[in-house]
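Every number here is computed from the coordinates shown, using simple stated rules; none is lab data. Everything numeric here is computed off the predicted structure, so don't read it as measured data. With ideal geometry, Cβ positions are generated from the backbone for all residues, glycine too; neighbour counts draw on all protein chains shown.
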Amino acid sequence: MILTIAVREFKSLFLSPLAWSILAVVQVILAFLFLGRVELFQLYQSQLLAMDSGPGVTEVVVPDLLGNAAIILLLVVPLLTMRLVSEERRNRTLSLLFSAPISMTEIILGKYLGIMMFLLLLLALIALMPLSLLAGGGLDFGMLFSGLLGLALLLAGFAAVGLFMSTLTQYPTVAAIGGFGVLLLFWILDWSGEGASGNGSLLAYLSLFNHYKPFLEGIFDSADAVYHGLLITTFLAFSIRRLDADRLGG
Amino acid sequence: MPPLNAPHVYTPYRDSIRELMNNSVLVEVNRLSRFYGEIQAVKDVSFTIRQGEVLGFLGPNGAGKTTTMQVLSGNLAPSEGSITIAGHDLLEDPRAAKAAIGYLPEQPPIYRELTVDEYLDYCAALNRIPRKKRIAARQTAKEKCGLQDVGKRLIGNLSKGYQQRVGLAQAIIHLPPVVILDEPTIGLDPIQIREIRDLIRELGKDHGVILSTHILPEVQATCDHVQIINKGSLVLSDSIEGLARHMKSAALTVAFRRRPELPLLEKIAGVNSVQSDGNERVRILYSPGRDPTDDVVKLAGEKNWGLYEITPERMSLEQIFVELTTDESPQEEVHT
C-alpha cells in the first residue's frame, strides 16, 4: 500500500516539467563545478604527486562536489516536497486517501518513499560524475561511498522536513519557503556558536552541516548516522500527527 | 415422522427470513455530535441504513449535511457518538470499516493530470483490490458510470459532468456495501442529473446509499427514506411514503357545476370550515384524520350539484421543508 502511493507520487513528479527541470539544472550546475575541480586537480597534479602523502583525485574532487551538491539540494528539495500534501489539501483530493482503508502512517510513508525514490535517482546521477573518472584512473571508493551515504542521509532529512512543512499548509509556496527556512536554519546553526562556549557547542551539535562533514572526509561515525535517523523519524512522526489533526480538528 | 430439520420440511417463513437477512443494517450512527471549536455542527444525530436502501439527507446550506458525510466516511473524527459500518466500528477498526465505504465528496477527489484509467487503477489499488482483479473492477465501474469511451483521456480535460462520473466510479470501484454521496448532482445539466439519478437508483438495489442534497425533488426521485437535518439536528426521519402522508394537509378542493349550499357542507361531520371562491369551487377544511370526502360526494349526489372534481390538497415538499426547518428556530433562540 505504501508502495502504491510511493509509485504514484514518483510518477506524478514526472508528469510535470518540474522534476525534469530540476534534474537538468542540478546536473548542469554540478557538472560545471565538477569540471572546475577536475581541472584544478590537473593543474596541480605534478605538485600533489611530489608531496609525501598528498591528496588523490578523490580527495580533491569528491568532498567539494558533494558539499556543493548539498547546498544546491537544500534549495531544491523544498521545491520537490512542497506539493506533497498541500496540493492535495488544496485540490480536496486528500479525502480519497482518508476514506480508503489505509492509515495516516501509510499515507505519509508512501509520499515520503515516493520523493526518496526521486532523490535517490538524483543522487545516482550525481554519483555518475566521479565514477566517470574511472575511465582515467582509480578512485578511493571508501571515501566516495561514505560521501554518497552522507548525502543520501542528508537528503532523507531534507525530504522529511519538507514533507512536514507541506502537511502544515494548503499553499505549496508557503510549504517551500517554510521548508527552505528550516533547512537553512539547521544548516547555519553552528555559525552563531562560533567562538562562544556552552550554548554554542549545543547549537553546533544540532547543526546539520557538522553531521555531514565527517561523511565527506570518509569518516563514518554511527553518531552522525543516528542524528540523521532521529531527524528523519521526528519529522515523519510530526507529519503523521499533523495529518491526523486534519481529521480531528475543524 | 420426519425429523424437524429435514430439508424437505416446509418452512413458511424461509423467504421472509432471507429478506430480513438481506436487509441487514449496514450503517448505524449512534448519537453523533461534532464540534468545530465552539460551534456544534452536528447535534446528537442517530440513524441506520439497511442494504438496498437509498437514504436522502436533506437540509439547507450549513445544516450539517457535509459534516455528517465527512464523519461517516472517516474524513473527520466525531466529537461524540459512535458509527458502525458493516459491523465494524469506524474508530476502533477503521481499516475494515473504511473498506466497506465508497465516498464521493462535494468536490470529486480527482487528479487532473491522470487519465481516467490510471486514476481508477490507483483508486482500486488504494482500496486493496488484488492486482489480478483491478482491470475487471475498473471495467465494471466504467461501465456503470458510462465512462467506457473516455478511459484514455486526461481527467483535467473532461467536462464537469464526466469528472463527476469519474468521482462516482471511484466511489464504487471496490463494490462497497455503503456508498456515500455528497450532493452528487451539483453543477450538472438536466440530462446528466437524470443519468446520475438513474445510476443512484441502480446502486440502491444492492448497496446502501446515503445521498445528501438540498434539492427536494431529487429526494423524491431517488430515495426510499428521507431525513431532514437543520442546524445540526434531525427534524424528520421518514420513508418517502411517510413523507407523502406528511404532505397531505387537511383540506379538499371541490368543484361543482352548480353553486352548492355552503351551510349544508359545513354541517358534515369533521368539517371545520368551508371557503368559497364565489363561484362553484369551494375549499373544505377538516379536522385531521376525519376525511369527509365520502360524505361530500354523497351530499352532492343527493342535491344534484354536479360534482366533477375533488382533490385533496397537498403541501409541496418545499412547504414541509420550510415548516420543519423554520418553525423551531424561534424557540431555539429563546433557549440559548
Two decimals is fine: what's Rg over Rh for chain B, C-alpha atoms, Kirkwood radius as Rh? 1.10
Give me a single rounded figure for B:105-113: the average over its residues of other chain Cβ atoms within 10 Å of their Cβ. 5
Give the aspartates and glutamates reachable from residue B:142 as a straight Cα distance under 17 Å; neighbours fewer than 8 places away on the same chain don't count. B:117, B:118, B:121, B:195, B:198, B:202
Debye calc, one equal point scatterer per Cα of the stretch B:175-294, no solvent, log10 I(q)/I(0) at q = 0.10, 0.13, 0.17 1/Å comes to -0.53, -0.71, -0.86
Sort B:125-136, B:51-62 for me by packing, meaning the mean count of neighbouring Cβ atoms within 10 Å per residue, highest on top. B:51-62, B:125-136
Kirkwood-based Rg/Rh on the Cα set of the protein assembly as shown evaluates to 1.19
Only Cα pairs under 8 Å and at least 6 apart count here; give the relative contact order of the stretch A:26-152 as a rounded whole percent. 37
Could you derive backbone 3J(HN,Hα) for the stretch B:30-46 from the dihedral phi with the Karplus parameters 6.51, -1.76 and 1.60 (θ = phi - 60°), listing whole Hz in sequence and x where the residue is Gly or Pro? 10, 6, 6, 9, 9, 9, 10, x, 7, 7, 9, 7, 10, 10, 6, 9, 10
If I take R0 = 22 Å and measure r between the Cβ atoms of residue B:308 and residue B:262 in this structure, what FRET efficiency does the formula 1/(1 + (r/R0)^6) give, to the nearest 0.05? 0.75
How far apart, in nm, are the 7 Å Cα→Cβ label points at residue B:112 and residue A:177? 2.3
Relative contact order of chain B (C-alpha contacts under 8 Å, at least 6 apart) in percent is 18
Residues of type lysines that residue B:298 reaches as a straight line, Cα spacing below 24 Å, ignoring anything fewer than 8 places off in the same chain: B:248, B:267
Express the relative contact order of chain A as a whole percentage, based on alpha carbon pairs under 8 Å and six or more residues apart in sequence. 26
When only alpha-carbon atoms are used, what values of Rg and Dmax, in angstrom, describe the stretch A:2-248? 19.7, 68
Within 10 Å of each residue's Cβ, count the other Cβ atoms and sort B:295, B:121, B:206, B:238 from fewest upward. B:206, B:238, B:295, B:121
Sketch the reach of a paramagnetic label on residue A:230 as a point 7 Å from Cα along Cα-to-Cβ, and name the residues of the stretch A:132-151 whose backbone nitrogen lies under 11 Å away. none
For the pair residue B:240/residue A:47, report the inter-label distance in nm, with labels modelled 7 Å from Cα in the Cβ direction. 9.2
Can you give the helix-only mean residue ellipticity at 222 nm for the protein assembly as shown, where every DSSP H stretch with n ≥ 4 adds -39500 (n - 2.57) and the sum goes over all residues, rounded to the nearest 500 deg cm²/dmol? -18000 deg cm²/dmol
Antiparallel bridges, percent of DSSP beta bridges restricted to the protein assembly as shown (to nearest 5): 70
C-alpha center-to-center spacing [the stretch B:127-149, the stretch B:34-104] in angstrom: 26
Over 23 Å (Cα to Cα) - which of B:65/B:98; B:98/B:133; B:43/B:160; B:144/B:205 fall in this group: B:43/B:160
Give the aspartates and glutamates reachable from residue A:213 as a straight Cα distance under 16 Å; neighbours fewer than 8 places away on the same chain don't count. A:59, A:64, A:190, A:221, A:224
